[in-house]
Amino acid sequence: MPETGGEATVGKVQASGRLLGRPITKVLAKAGEVVAVAAVIAAANRLGSFEPGFATSPINPYVIFCLFSAVWFGPWYGLLAFAASVASLLVPFPRGGGPASLASAFLQYRVPLLWTLVAVYVFGLVHDRFRDQLDAKSRFLRRSASGKARLDTEVKALVEVNRDLEERVLRQQESITSLFARIREMTTQSVAETLAVLLDMVCQYSWASKASVWRFRPEDDCLECAATIGWEEDEKNPARIPAAESVEGWVARNNLVFSARMLVSYANLRRMDKGRNLLTFPISFGKTVWGVLNIEDMPFSKFNLYTEKILGVLIELGSPAIERTVADERLLLAELHPLTSFPLASVLRRKMDLWADSPESRKSSFSVIILELASMKTLTESFGEEKAYALLRRCMGEIKTLSGNVLEPYHYENEGQIALFYPQIDFDGTALFCFDLLGMLNGKTWEIDEKIVPMDVFLGYANSGKGKIESDAILRVAEEVLEKQKRRP
């Protein structure tokens, strides 16, 4: 308390030490200067051979000094100089001149005194006017300088924010591009390959170190392990788990997402928990649950709602590809070529029939491209069937990459013939793709046992158009175009 009172006292003293916004010491110093100069002028008036008050002098030093004080220091100092000059006239002169009283001094010098007083006031107003203008300009310059400094700070902050936003947008663009490319990679003819891509994406976007996909078998009331990542060999023993007594089964039956946070609120889930479920998502085809994705291990910092939403989006984007792969797997059965593992022509016909009966046929068309390797017989005789078909398999891999992993290769009727099923493309798009395909094949060097081999191909293609068309009719058109290509010289 005493310290607070002392601080308040010091504040009051500092406040009282100012006069009209200026320190009182400066005011007293200027007043002393004015009085001192007035005394010097009065002394000169008395020591020289001048009339009292310089009455007969053409230039009156008293008047000049009063006007100078009013202009230089301000009206109050001008009035102080005027008062000091008038008071000095009351001091007796050595020669006995000068007025004897203030009244007689006013009567003797009333005209110059009144003009001087008016001039002091006017010149004081001029001083105040100029000082106000200078103060206004000074305040303006200070505000401008402060505003410029603030703008510079804001500009620097905005530059940093803009750089950060640009980096974020760039990272998001790269992530979206990468995500789109990975989703396209999921379109394969093997469920194992599709699920492997899905699990790799899950680990990439959620930092999970261990995850698995379980296929729901409602007829057996169990879930079957379909794919894993990050598992050790001794952990792959539970190939099946019961649906009624597991968190995976609860997710599959209810088509709901499970999070380990739910164990706090739900006793039935705590009874099912085996310590292997952090996040579990259903993989659904429409309203039918095909299986579940389970995250067994991930960093604690990544276990949040944001990661949960990201994984939900990944599964939503990847479910159509998984559904198509599962449908293709049902079509394939055992009808695969023994050397390339490509489906046979009978599978292609069933694929086309299923497309014709699906809602997709009313929205878009598909194309069939028949590709025949002209030198297949020569390659088989020179290098053997296994190496010749390995070359054909590499060629189909490049063609599939060219299409963005969209088309599906099938073995056709004759040796060296491959039929490509290209969904959701029109006739013009098919022609352009065939042109790019030929350019790609001719622009690459193809080798078997480090020997360059020719890659001469014939192409025939046909488009279904919108609407239901028989598969045999489309294949006949593609075969006719192929035969025309082969007959050309």
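Here, each number is a calculation from the coordinates, and none is a lab measurement. Just so you know, these numbers come straight off a predicted model, no measurement behind them. Cβ placement follows ideal geometry from the backbone for every residue including glycine, while neighbour counts extend to all protein chains displayed.
Brief remarks on what is shown
- For the range 191-326, the equivalent ellipsoid derived from the alpha-carbon gyration tensor has semi-axes of 19, 18, 15 Å in decreasing order.
- Remark: Val264, Val257 ranked as Val264, Val257, counting other beta-carbon atoms within 10 Å and listing the fewest first.
- 32 Å Cα-Cα threshold exceeded, pairs from Lys210/Lys400; Lys377/Lys484; Lys274/Lys351; Lys274/Lys309; Lys351/Lys387: Lys274/Lys351
- A simple spin-label model places pseudo-atoms 7 Å from Cα toward Cβ; at Ile448 and Arg394 they are separated by 1.1 nm.
- Ranked for footprinting exposure by Cβ neighbours inside 10 Å, fewest first, Thr153, Thr228, Thr445, Thr280 give Thr445, Thr153, Thr228, Thr280.
- Taking 7 Å steps out from each Cα toward its Cβ at Glu413 and Val155 produces label points 7.6 nm apart.
- Listed by Cβ neighbour count within 10 Å, with the fewest neighbours leading, Val120, Val63 appear as Val63, Val120.
- Of the residues Leu314, Thr280, Thr340, the one whose Cα sits farthest toward the positive end of the charge dipole of the range 254-343, with +1 on the Cβ of Lys and Arg and -1 on the Cβ of Asp and Glu, is Thr280.
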